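The values are calculated or read from the model by the stated rules, or taken from the named source; none is laboratory data. Computed from a prediction, not measured in an experiment: that's the story for all the values here. Don't worry about glycine lacking a Cβ; one is built from the backbone with ideal geometry, like all the others, and counts go over all protein chains shown.
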Amino acid sequence: MTTTTAITNARIFDGERVIDDQDVIIDGTRILAVGGAVPVGATVINAGGGTLLPGLIDSHVHTDMNGLHDALLFGVTTELEMQGHWTFKKRKEIAERDDVADLRSSGMGVTPPGGHPSQYMKSSASLLMKLFFRFPFVSTPAEAIDFVDTQVANGADYIKIFIEDGTTIGFPGLRATSDETLIAAVNEAHRHGKMAIAHVTTVEGGKKAISAGVDGLAHLFFDRQPAAELVAAIASSGSFVTPTLVTLSSAFGNSAAAIAADERVRARLSDKWLDSLSRSMNVYPQGKLNDAYASVMALRNAGVDILAGSDVSEPLPFLGGLAHGASLHHELQLLVAAGLTPVEALRAATSVPARRFGLVDRGRIAPGARADLLLVRGDPTTRIADTLSIRSIWRRGAMVHSSE
Ligand SMILES: [Zn+2]
């Protein structure tokens, strides 16, 4: 017996735009129809003029079962992990559970001995061991090829490469991946048909990554604004950019206390996470959010795909300003503050990452798509902060949260 649910009287953002239809029919784990007659016997949920969105995708996280659980409470139905070590063993369990977000992961990333983010091991408690446990450091192009082969054999969905000399993150003098190793890793990823995604925080790092042929930048560079040539090079390379403005904002010393104080957020997070969210990293206080906004808009105006991602990981003071789920909503708000329209910001958390990561079954509200859905009060296509006015969430057709 399948369960059929009809969500009626909704404004529908289908991942691209607001459409004319107002009803969505869910059958089992999939969307059966958009518009049309409500099937006899269906459970009807009247959206009351609220907005139905595809489940959100956070394109930059480091996670665990608790993080995936919190993400789902905020309507983030898929997290894309950009470094982590426990994921591959948990893949089947995560895919089949209805109380956690779904996950794709790079597994561990390419970094040289002592390179980012292994420096956190020195300053961390055991919590971080979960994230950065036993670094498989990569020193040479040959090691990069072996490493990528191993990651792919273990089930990596894409390959992450760190290009980080520490200057913008409070650890100057870090050893960064060499150009030769970077290029070898990118080429090997491509040989396997996998994307190579680079961690960069500087314009110089961005140049290296793009000239090595990466498919995406996991952060926006934030030491200065890029020259027009770099923006043009990123656009012509076809690379996407995940700005992680929430992380840049925290690095610049801005806390997310206002988000943490929002009743819609408070109700969903533990005190530990709320405390962490209320802090900031403050490792690059000379950074200016307005410069980052200008960079986002220069990239957007050049036609670069912008993806919404938070870079949330664990509730530790030096990684403060972030929380699973909540920070993706915060990121949408900052993308709009930068100048994206609310609809462009919503695309950055739905159809755009789905297309870039080959997640063909999600990121859209369309017949046949996976029923990952978020129903909110209000209209986030005109007021982005309404994404937090969550009424109901469905993961693979299962209602995992309802505020009624
Ligand atoms: Zn990260």
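Computed quantities for the displayed model
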read-out	value
Index of the failed condition, residue 358 passing every other in (1) under 19 Å from residue 61 (Cβ atoms); (2) touching a residue at least 24 places away in the same chain (Cβ under 8 Å)	(2)
Every residue from segment 87-125 that is modelled with pLDDT of 85 or more, among the hydrophobic types (A, V, I, L, M, F, W, C) and outside any strand (DSSP E or B)	88, 94, 95, 100, 101, 108
Matching option when the condition is of a type in the set (Asp, Glu) and within 27 Å of residue 397 (Cα to Cα), among 331, 314	331
Among the candidates 240, 171, 222, residue that is crowded, with 24+ Cβ neighbours inside 10 Å and either in contact with a His (Cβ under 9 Å, 6 or more places away or on another chain) or modelled with pLDDT under 95 (or both)	222
Selection status of residue 230, out of contact with any Phe, Trp or Tyr (no Cβ under 6 Å at 6 or more places or on another chain), closer than 19 Å to residue 110 by Cβ and either at pLDDT 95 or above or within 16 Å of the ligand (Cβ to nearest atom) (or both)	no
Hits in segment 20-31 (condition: closer than 11 Å to residue 366 by Cα and under 27 Å from the mean Cα position of the chain (by Cα))	24, 26, 30, 31
Residue among 298, 308 that is in contact (Cβ under 8 Å) with a residue 24 or more places away in the chain and within 16 Å of the ligand (Cβ to nearest atom)	308
Some residue of segment 50-63 being in a loop (DSSP other than H, G, I, E, B) and within 16 Å of the ligand (Cβ to nearest atom)	yes
Flag if residue 374 is under 29 Å from residue 169 (Cα atoms), surrounded by 23 or more Cβ atoms within 10 Å (Cβ to Cβ) and either of a type in the set (A, V, I, L, M, F, W, C) or free of Cβ contacts under 8 Å to residues at least 60 places away in the same chain (or both)	no
Residue in segment 75-108 that is surrounded by the most Cβ atoms within 10 Å (Cβ to Cβ), counting only those that are of a type in the set (A, V, I, L, M, F, W, C) and within 16 Å of the ligand (Cβ to nearest atom)	76
Of all residues in segment 283-295 being over 27 Å from residue 119 (Cα atoms) and crowded, with 20+ Cβ neighbours inside 10 Å, the one that is farthest from the ligand (Cβ to nearest atom)	293
Residue check for residue 352: at pLDDT 95 or above and in contact with a helix residue (DSSP H, G or I) (Cβ under 8 Å, 6 or more places away or on another chain)	no
Helices (runs of 4 or more DSSP H) within segment 210-267 that include 2 or more residues under 17 Å from the mean Cα position of the chain (by Cα)	245-251
